[in-house]
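Have a look at the structure below before the remarks.
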Amino acid sequence: MSKIKNSNRLDSEKALAKLIKELESQEFESIDQVNDFIRSMKGKNLDDLPESTTDKDRSQDLVLEAYDKTIPKGKKLIKQALELDPDNADAYNYLASVEMDVDKALALYRKAIEAGERSLGEKFMEEEKGHFWGLIETRPYMKAKAGLADCLYAKNRINATIEVYREMLELNPNDNQGVRYLLSTLLLNKKDLSDYELFIKSYEGDDSAVWYYNNALYHFKKMGQSAKSDKELLKAYKFNKHVVEYMLGLKEMPLEMPPFIGRGDENEAISYVLGTLTIWETTDGAMGWLYEFMLKRGKMN
């Protein structure tokens, strides 16, 4: 069986966690001491820092190690990790990520969230609201919330998915996980667009295919083909022309989601179409609108 593919990212998180713990252990008394320490680390490998010694840290190391193993071996390491730290949210995240049954995965993500809440503590969660993800100890909890939302969406529990995304944005307004893009699309698919209208005002100036094309579709849903909706579609097309090409089948969609996404590139277009094609297809007249838009530009045979 194959290994889990995100081990590189997890290795980076492990190295960052080690650095943070080392910084905390130094008990610096001034910014100059911090700068001196950082200079002393120049050219050194973070792997050279002291290994974890507490049960909690060792438990997390086992979880990270599990991602580099086959799934059966990984599960054995997770069992050891939970024996060391029953509240290791990432251990449950791992088990959920390799679970093929959606209901079982959903239950495991709920366990991860509960474990994360116990581990972080009620006081911490209240005081640090708005700064999650920036604090590395919150990341397992935030990953569990994202996994839960994925499972709820897979079960077509859209309102529950929306609620989870809103909670995540409240905890982390900086939105390092890109939740706002997913939430934008879910709100745009509702019959009542008032929630979408309020939501997008919070992110004015966001520069992405999701924002431009969702905004174009929003105006089409509100007033059909009009000077305003045509103008917004043109803005979206200028930002990323590949979206319409994939949407209309002028380019063939790949079998897998692209690993990296860049502003205005084909990977961004593929990602957008995978997430929104159903909404465009079920909006009466929207695909014909795209076809006519491209026809006017001589892009259709």
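Once both labels are modelled 7 Å past Cα along the beta-carbon direction, what's the residue 104-residue 255 spacing in nm?
2.5 nm
Give a quick list of GluC sites (Glu not before Pro) in region 184-264 that DSSP marks as loop, anything other than H, G, I, E or B, with at most 14 other Cβ atoms within 10 Å. Let's see the in-between values first.
Details: sites: 197, 204, 232, 245, 252, 256; in loops: 204, 252, 256.
Qualifying residues, ordered by number: 204, 252, 256.
Counting each pair of different Cα atoms once, what's the Kirkwood radius of region 112-226 in Å, rounded to one decimal?
Working: mean 1/r = 0.0655 Å⁻¹.
15.3 Å is the Kirkwood radius here.
Per 0.36 nm of contour for each residue apart, how much would the distance between residue 228 and residue 55 grow if the chain were fully extended, relative to their Cα-Cα spacing? All intermediate terms of the calculation are to be shown ahead of the outcome.
Details: separation 173, 0.36 × 173 = 62.28 nm, distance 5.98 nm.
Net length gain for the segment: 56.3 nm.
Take the alpha carbon atoms of region 162-278, find their radius of gyration, then divide it by 2.2 N^0.38 Å using N residues; give the quotient.
Values: Rg = 14.2 Å, N = 117, 2.2 N^0.38 = 13.4 Å.
That works out to 1.05 for region 162-278.
To the nearest Å, what is the center-to-center distance of region 220-265 and region 77-135, using C-alpha atoms only?
36 Å
Place the peptides 96-105, 80-89 in order of packing, highest mean first, counting for every residue the other Cβ atoms within 10 Å and averaging per peptide.
Numbers: 96-105: 14.8, 80-89: 19.4.
Peptide ranking by packing, descending: 80-89, 96-105.
Taken together, the values in this text are just the output of simple stated rules run on the coordinates, not laboratory data. The shown structure was predicted, so the numbers you read here are calculated from the model rather than taken from an experiment. A quick note on method: Cβ atoms are made from the backbone with ideal geometry, for glycine too, and the neighbour counts reach across all protein chains shown.
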